[in-house]
1. Looking at segment 349-369, I want the residues that are within 12 Å of CYS332 (Cα to Cα) and have a partner that is among the hydroxyl-bearing types (Ser, Thr, Tyr) and modelled with pLDDT of 90 or more with Cβ atoms under 7 Å, at least 6 apart or on another chain. Which pairs are those?
2. Identify all residues within segment 79-100 that are under 16 Å from ILE235 (Cα atoms), among the charged types (D, E, K, R) and without any contact (Cβ under 8 Å) to a residue 60 or more places away in the chain; write none if there are none.
3. Restricting attention to segment 184-200, which residues are among the polar types (S, T, N, Q) and either surrounded by 15 or more Cβ atoms within 10 Å (Cβ to Cβ) or closer than 15 Å to GLU355 by Cα (or both)?
4. Give the residues of segment 317-342 that are free of Cβ contacts under 8 Å to residues at least 60 places away in the same chain and open to solvent by less than 30 Å² (accessible area, probe 1.4 Å), sorted by residue number.
5. What helices (runs of 4 or more DSSP H), lying completely within segment 111-190, carry at least 1 residues that are touching a helix residue (DSSP H, G or I) at 6+ places or on another chain (Cβ under 8 Å) and farther than 30 Å from ARG251 by Cα?
6. Anything in segment 354-372 that is open to solvent by less than 20 Å² (accessible area, probe 1.4 Å) and either in a loop (DSSP other than H, G, I, E, B) or at pLDDT 90 or above (or both)? List them, or say none.
7. Of these, LEU214, LEU228, LEU244, LEU224, which one is among the aliphatic types (A, V, I, L, M), buried (at least 20 other Cβ atoms within 10 Å of the Cβ) and within 30 Å of PRO274 (Cβ to Cβ)?
8. Test LYS287 against the stated conditions and say whether it is under 27 Å from PRO117 (Cβ atoms) and open to solvent by 40 Å² or more (accessible area, probe 1.4 Å).
Amino acid sequence: MFSKPFLLQPRTVKETGNRKTVLDEPYTLFPDKDALLLKDFPVRVSVGDPLYKQSSGSVLSPVNGIASLEHSEEGSKIRIVQDGNFIGSKPWIPKVLKKEEVLEPMDRLGLVSLDFPEHSLLSYFKSRQKTSLIILAPFTRTQDVDYLPELRKNSECHTRFLEVLKFLFPEAQIRDYISDLKSPVKNYTYPWGIPEYFISQTEKLPFSKIKEILYLGPETLYNLYRALFADFPFIEREIALYFLGKNGGLRKADSTVRIRNGQSLKFLFEEYGPKYSNFTLNSFYEKNPVRDIKKGFYWDIRQNYSLVFLTKHDSGRREFPCVECGECSYNCPTQANPMALVSSFGNFNSSLCMECGICTFLCPSTISLRNKIRTWKEANHGF
């Protein structure tokens, strides 16, 4: 009855040359409202110095420079004027790890669970102390960047981490899709990178079980290994660039861009601005605001992982009544039947819905089904 999930097939666009990555304008960070400042500003900082702590963990200085604190109606921000070398990553050096050598760097080096970015990696590990299942998954949520080649190239580091995992969680079964188990699908298709979907398909477990499993995706592992085996802080992220043209054609840059936390995107806007006037962030299946490149933007490595340039944007788009085409339910990967929320077509099965956004993406009436799903869950289950 149901087809396979809808999949975008972006083409590849060639790079236009080397980019400038050391900028002449301040790095700018925006702490959460309840963040605890760890410095008396203004202050000189070095790469990796802790600046503030919030629910997702410690946020570190991405560069050497002078950091100052500014207040405005929009909130507080920390601006850092770089005045030192742009320190890059180091080679990974395999070593035997002890328990404290795994947990201590998670906090000191500001690591986040990039599978569940609202959690620091240390707090995520501590919340899974009694887990009976550990999954080392092969896909990121949208697989914009493939981290498996780098992880497999450093297989000895991966082996060392597995050894300490067995020590930390002696009763847990480890399902290793990085170096041991075969990938469940030959080629990645969305939504295989969503943790709930991955465990439902590979382990035949309900979505709710994800709260009991220690789930580590390849990007989380990549940044963890940089910390454990190169003592490199979580201050930057590899991002993919997409380009959406006038005719709706989608292209993807053939290489990623490494952007530091709080870095201005001015250098990219100057490069692509003549052709693309707007941009948006992250997945096509999420509802992210469309922004004007003239207004600038500072990157947040905890929230953002890809950048989409747009030739044009129809700001006047509005929702229309459901035409009962069935695209949303027909393409739902879990058969949750989202169409039931806007028509009389059966019942909506909330326990099968992971809010992947495919239904919203495909709706010809531009109905935000994901918003309706979240409203329904809050009203009926307190989700």
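The values are calculated or read from the model by the stated rules, or taken from the named source; none is laboratory data. Quantities reported herein were computed from a predicted structural model and do not represent experimental measurements. Here Cβ is always computed from backbone atoms with ideal geometry, including for glycine, and neighbour counts include all displayed protein chains. Please note that ligands, DNA and RNA were not included when accessible areas were found on the heavy atoms of the full protein model with its side chains. Shrake-Rupley method; radii C 1.70, N 1.55, O 1.52, S 1.80 Å.
1. Qualifying pairs under 7 Å: LEU352/THR334; CYS353/THR334; MET354/TYR197; MET354/THR334.
2. Passing the criteria: only ARG79.
3. Of everything in segment 184-200, those that are among the polar types (S, T, N, Q) and either surrounded by 15 or more Cβ atoms within 10 Å (Cβ to Cβ) or closer than 15 Å to GLU355 by Cα (or both) turn out to be THR189, SER200.
4. Of segment 317-342, the ones free of Cβ contacts under 8 Å to residues at least 60 places away in the same chain are 317-328, 336-342.
Matches in segment 317-342: GLY326, CYS328, ALA336, ASN337, PRO338, MET339, ALA340.
5. Counting at least 1 such residues, we get 121-127, 155-168.
6. We begin by selecting, within segment 354-372, every residue open to solvent by less than 20 Å² (accessible area, probe 1.4 Å); these are 356-359, 365, 367-369.
Those that are open to solvent by less than 20 Å² (accessible area, probe 1.4 Å) and either in a loop (DSSP other than H, G, I, E, B) or at pLDDT 90 or above (or both): CYS356, GLY357, ILE358, CYS359, SER365, ILE367, SER368.
7. LEU244
8. yes
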